[in-house]
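Engineer: Here it is, the structure, as structure tokens.
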Amino acid sequence: MAEIMTVRGPIKPEELGVTDYHEHLYVEPPGWLHKGDPDFALNSVEKSGEELRRFAAAGGRTLCELTAVDFGRNVHKIKAVADLAPDVNVIMTAGYNRPGYMGRWVVAVAEADMVRDTVRDLTVGIDGTNVKAGIIKCGTEYNNFNESGQKLVRVAAAAYRETGRPVITHTTAGTMGYEQTGLLIEKGVDAHRITLSHMDRNLDFHEHLRVTKLGAYIGFDSFGKAKYGPETDRLALLRQLIDAGAGKRILIGNDLGRPSYWKAYGGGPGLDYLWTDIKARMLADGFTQAEWDMLSVDNPRRFFSGEV
Ligand SMILES: [Zn+2]
């Protein structure tokens, strides 16, 4: 399926341009999660819109909004944020984030019902609107590929078989990506339609390489988060992977899912950081313009259009 579904309808692969493969624009986290960590509530349409315009000013053309229903997706608010930056294509998400966010829901709801709801979000619209999701999500817990995590992976695979939309998973701290990929492939997902998020939380060359050898994409999205390790190590692994021939299987984004990460909410590094500061640093560090274009434009176009 070459067409890509955005909140404003389908677009062609050539229209994607510079693509941030993993972000959050508006999040209403479940009450228990918000109580324990108020820094999860991205809840101002104006401020998120301001940040999205910052992304556009830095050359960004497409942004993947990876908030799934169990993390507090709100289609009306995300559409309102997207309307504040009409130059940017926003792609929304169907499926589920991870067992830890779902609580009892993950066991209480039948797998077939989860598949039905996920497919409806992709083909009919989200929450009674005609805004369709363009990405299928699933995820697992830290170092744990238990039955609940496997259930979410199977739901994503079933939705893929019905719709052909790409799958972007959540890995917790970069673990279980290999296991997710194995089960997705076993359940009929084409490897080149799979991207594993947060893989740079675990800067292990071996792990990254074995996943790309299965044919899946790996996502780097921890830029500007020193608490998850220094930029130097992240960029060194990117270099190592490109030199090992895995460069065509890497997507980049910034996963700034907390208000403290956004300038408009009084924090940083901001939604333009990857596309300005990191880009400049990479080019100064010896990455070529062609390599930057591969990561920011060519790879996402290939992934979303389903090109092998
Ligand atoms: Zn995220």
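The values are calculated or read from the model by the stated rules, or taken from the named source; none is laboratory data. Treat the numbers as computed from the prediction; the structure is a model and nothing was measured. Cβ: placed from backbone, ideal geometry, glycine included. Neighbour counts: every protein chain shown.
Engineer: Residues in region 101-114: is at least one among the small types (Gly, Ala, Ser) and within 16 Å of the ligand (Cβ to nearest atom)? Show your work before the answer.
Structural biologist: Pass one, region 101-114, residues among the small types (Gly, Ala, Ser): 103, 108, 110, 112.
After this cut, where a residue has to be within 16 Å of the ligand (Cβ to nearest atom) as well, the list is none.
No: zero hits.
Engineer: Step by step: first the residues of region 178-197, then only those that are crowded, with 24+ Cβ neighbours inside 10 Å and closer than 20 Å to Gly247 by Cα, then the one that is nearest to the ligand (Cβ to nearest atom). Which residue is that?
Structural biologist: Out of the qualifying residues, it is Ser197.
Engineer: Only one residue in Glu3, Glu15, Glu23 is of a type outside the set (Ser, Thr, Tyr), within 19 Å of Lys79 (Cβ to Cβ) and more than 16 Å from the ligand (Cβ to nearest atom). Which one?
Structural biologist: Exactly one of Glu3, Glu15, Glu23 is of a type outside the set (Ser, Thr, Tyr), within 19 Å of Lys79 (Cβ to Cβ) and more than 16 Å from the ligand (Cβ to nearest atom), namely Glu15.
Engineer: Here's another thing I want to ask about it. If I filter region 19-30 for residues that are modelled with pLDDT of 95 or more and in a helix (DSSP H, G or I), do I get at least one hit?
Structural biologist: The answer is no; no qualifying residue exists.
Engineer: I'm told Arg249 meets every condition in (1) within 16 Å of the ligand (Cβ to nearest atom); (2) surrounded by 18 or more Cβ atoms within 10 Å (Cβ to Cβ) except one. Can you identify the failing condition by its number?
Structural biologist: (1)
Engineer: Report whether or not Thr175 is within 16 Å of the ligand (Cβ to nearest atom) and under 13 Å from the mean Cα position of the chain (by Cα).
Structural biologist: Spelling it out, it is not the case that Thr175 is within 16 Å of the ligand (Cβ to nearest atom) and under 13 Å from the mean Cα position of the chain (by Cα).
Engineer: Something else: What pairs can you find where one residue is in region 220-245 and under 21 Å from Met294 (Cβ atoms), the other is basic (Lys, Arg) and away from the ligand (no atom under 16 Å from the Cβ), and their Cβ atoms are less than 7 Å apart, with a gap of 6+ or different chains?
Structural biologist: Phe220/Arg234; Ser222/Arg234; Phe223/Arg234
Engineer: Residues that are surrounded by 21 or more Cβ atoms within 10 Å (Cβ to Cβ), in contact with an Asp or Glu (Cβ under 7 Å, 6 or more places away or on another chain) and part of a loop (DSSP other than H, G, I, E, B): does region 7-18 have at least one?
Structural biologist: No, region 7-18 has no match at all.
Engineer: Consider region 34-92. How many of its residues are in a loop (DSSP other than H, G, I, E, B), more than 16 Å from the ligand (Cβ to nearest atom), among the hydrophobic types (A, V, I, L, M, F, W, C) and surrounded by 19 or more Cβ atoms within 10 Å (Cβ to Cβ)?
Structural biologist: Within region 34-92, residues that are in a loop (DSSP other than H, G, I, E, B), more than 16 Å from the ligand (Cβ to nearest atom), among the hydrophobic types (A, V, I, L, M, F, W, C) and surrounded by 19 or more Cβ atoms within 10 Å (Cβ to Cβ) number 2.
Engineer: Taking the criterion of being within 21 Å of Phe71 (Cβ to Cβ) and either away from the ligand (no atom under 16 Å from the Cβ) or at pLDDT 95 or above (or both), would at least one residue in region 208-216 satisfy it?
Structural biologist: No, because not a single residue in region 208-216 is within 21 Å of Phe71 (Cβ to Cβ) and either away from the ligand (no atom under 16 Å from the Cβ) or at pLDDT 95 or above (or both).
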